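Accompanying notes for the structure given below.
The values are calculated or read from the model by the stated rules, or taken from the named source; none is laboratory data. A quick note: this is a predicted structure, and the numbers were derived from the prediction, not measured. Ideal geometry is used to build each Cβ from the backbone, glycine not excepted, and the neighbour counts take in all protein chains shown.
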């Protein structure tokens, strides 16, 4: 069994394996597949609670992942934000001396969450410009 | 209308997100259905050879005690302590149920029919180039109950 605490390196190595099999298209196809099959809880929460569904979803996952973050739900300005000060996934990969992270590792978040949120009427912006430092920012707002 | 802010540091929580087991199972299913069963085993083998390099080195240096410590901490962290028996030449790890399979069944995540390979193939890869060989003596696909044995290779 692979411990859930060892999942992130397994995930990163899966992206490398897929790219070797079928190029970047294979990696992106997997991200779409994973989003459709694994993020049903986020989808249901946002369908039921709107923007607050994002708050409910990430309240659980980010705490279980022991992330270093600030999460904000502003219902008046209709904006949900995660400021990731140290991503638990990329942070772990960067700590490993004997394994290189998949070169485009962080983009999976953008693909997975955008694919759930945009069809529900939300804009999902992910700033990955500092992801090499395990820092990023996600902003979700209604489209109109 | 309210504004809510949650600020957390890594040290505020314990790192244990068991839903990752479900994500891994989805990954194995993607590989199985798009590239075939062998691709699942090949991926797990490559991952384990790359990621568990320090553990394989420790087994070569310290023997099966290094592997026993690995399993002890792995299953303890997942909340399913294993029955571990260790001699100089043999290590047996018995589980009443696999923590990953238990979590996925509880949460309703599909369990890949090749999930067993996260034990069989990964153990074999960890033991490659060590004096020991891995065997999976028993595995129940419904619960993940298993008996894993590691013994000294015959010359």
Qualifying residue in region B:58-79 (condition: at pLDDT 95 or above, within 30 Å of residue A:41 (Cβ to Cβ), within 13 Å of another protein chain (Cβ to nearest Cβ) and assigned to a loop (DSSP other than H, G, I, E, B)):
no
Considering only residues that are more than 10 Å from chain B (Cβ to nearest Cβ) and either touching a residue at least 60 places away in the same chain (Cβ under 8 Å) or under 19 Å from residue A:90 (Cα atoms) (or both), which ones fall in region A:11-30?
A:19, A:24, A:27, A:28
Which numbered condition trips up residue B:129, out of (1) on the phi < 0 side of the Ramachandran plot; (2) part of a loop (DSSP other than H, G, I, E, B)?
(1)
Six or more apart or on different chains, Cβ atoms under 8 Å: show the pairs whose first residue is in region A:60-81 and facing chain B (nearest Cβ under 7 Å) and whose second is modelled with pLDDT under 95 and part of a strand (DSSP E or B).
A:72/B:3; A:73/B:3; A:74/B:3; A:75/B:3; A:76/B:3
Is it fair to say residue A:128 is touching a residue at least 24 places away in the same chain (Cβ under 8 Å) and more than 9 Å from chain B (Cβ to nearest Cβ)?
no
Criterion (at negative phi and either at pLDDT below 95 or within 10 Å of chain A (Cβ to nearest Cβ) (or both)) met by exactly one of B:53, B:92:
B:53
Restricting attention to region B:1-28, and to residues there that are crowded, with 20+ Cβ neighbours inside 10 Å and more than 7 Å from chain A (Cβ to nearest Cβ), which single residue is farthest from residue A:88 (Cα to Cα)?
B:28
Residue in region B:92-106 that is surrounded by the fewest Cβ atoms within 10 Å (Cβ to Cβ), counting only those that are in contact with a helix residue (DSSP H, G or I) (Cβ under 6 Å, 6 or more places away or on another chain) and assigned to a helix (DSSP H, G or I)
B:103
If you go through region B:117-130 one residue at a time, do you hit one that is over 21 Å from residue B:39 (Cα atoms) and within 12 Å of chain A (Cβ to nearest Cβ)?
no
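Rundown of residues vs (1) over 13 Å from the mean Cα position of the chain (by Cα); (2) crowded, with 18+ Cβ neighbours inside 10 Å, yes/no style:
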site: B:71; (1), (2): no, yes
site: B:84; (1), (2): yes, no
site: B:90; (1), (2): yes, no
site: B:111; (1), (2): yes, yes
site: B:121; (1), (2): no, yes
site: B:128; (1), (2): yes, no
site: B:144; (1), (2): no, yes
